[in-house]
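Worksheet: the structure to be examined is printed underneath.
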Amino acid sequence: MMPLPDEASRRPTLSELRNLGTVSQEQFDTLVRLISRQLQCPIAWLGLLDDETGLWLKAQVGLASHELPTFAGTLMSTLLATEGLVIRDGLAAAATVVVNGKTVGMVCAMDTAARTFDDEALAALRDLAAMAAFLVDSRLNEVRWRQQETRVRAVSMSSGDQVQTQHAARKAERLLSDALDSLTTGVMITDPSGQVVMTNPVWRHNIGHNMSDGAPWSEIVQRMAQPATTPMRATVRPSCAGVWGWRRNTASSTNCAGRTAG
């Protein structure tokens, strides 16, 4: 793979990506299934960059070996060079996953025979790449938040002072609540099983109707991707331990990644 552009500023984020792990996670698995269905391809995957080893597989559907195809590195290199979307030999279409202005990976849809990916399919893939960026960024923020929580707990417990521990926990909760409430982007936090445990006012105002029955996030994602949903284009925003955040954009998008968000 070619050297990564702007590698120095990208390296801290790429190093953190490994914290997401290679173990299957429902949110990422749901995403690649959506890519496969929307582009009508039997194979789809999400690959993330590593600052040392290149591209690694985070989620996939349809890959018999559960490993990235041999040409995946070439696709990623082309994406990094063109900063756009590329079609390879009429078999696969791929789009970059960009978090906080840095390319951290790619999503790809692949068929078993040569085909044409029309403008609608490519627009859908771009929107799904934006969804992947939200997911990656959110999970990274969740990992950072939990690591910080662990450090606070360790420091508090080492002092043997239960009052300090409780005070630190309450302060962390207040800071998180204030941070979420102040955001103009909707944010939602889920527990490891995918159940929603916290949302901020913007999220509840714009997307709450999709989650009124207590459905897990994997089901909410599919509801939001239905044609009846008002099309929006997702815009990447960092969220404090939030598993998801969405912001309205005046540009239109296809219904596969449309979001009812403000």
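Within region 13-27, the set of residues being without any contact (Cβ under 8 Å) to a residue 60 or more places away in the chain and of a type in the set (Ser, Thr, Tyr) comprises Ser15, Thr22, Ser24.
Does Val99 qualify as being of a type outside the set (Asp, Glu), outside the structural domain of Thr70 (by TED's automatic domain parsing) and modelled with pLDDT under 90? Let's see the steps before the verdict.
Numbers: of a type outside the set (Asp, Glu): yes; outside the structural domain of Thr70 (by TED's automatic domain parsing): no; modelled with pLDDT under 90: yes.
No; evaluated as a whole, the condition is false for this residue.
May I ask you to verify whether Asp111 is in contact (Cβ under 8 Å) with a residue 12 or more places away in the chain and farther than 30 Å from Met188 by Cα? Give the derivation first.
Values: in contact (Cβ under 8 Å) with a residue 12 or more places away in the chain: yes; farther than 30 Å from Met188 by Cα: yes.
Criteria met by Asp111.
For the condition of a type in the set (D, E, K, R) and at pLDDT 80 or above, Glu120 qualifies.
Looking at Val155, is it modelled with pLDDT under 75 and over 26 Å from Val23 (Cβ atoms)? Yes; evaluated as a whole, the condition is true for this residue. Within the set Ala124, Ala113, Ala109, Ala93, the sole residue that is of a type outside the set (D, E, K, R) and assigned to a helix (DSSP H, G or I) turns out to be Ala124. Considering only residues of region 35-64 that are polar (S, T, N, Q) and closer than 14 Å to Thr22 by Cβ, which is modelled with the highest pLDDT? So the residue we want is Gln60.
Among the residues of region 73-131, which ones are in contact with a helix residue (DSSP H, G or I) (Cβ under 7 Å, 6 or more places away or on another chain) and among the β-branched types (Val, Ile, Thr)? Result: Val86, Thr96, Val97, Val98, Val99, Thr103, Val104, Val107.
The values are calculated or read from the model by the stated rules, or taken from the named source; none is laboratory data. Please read these numbers as outputs of a predicted model, since none were measured by experiment. Glycine gets a Cβ as well: all are built from the backbone with ideal geometry, and neighbour counts include every protein chain shown.
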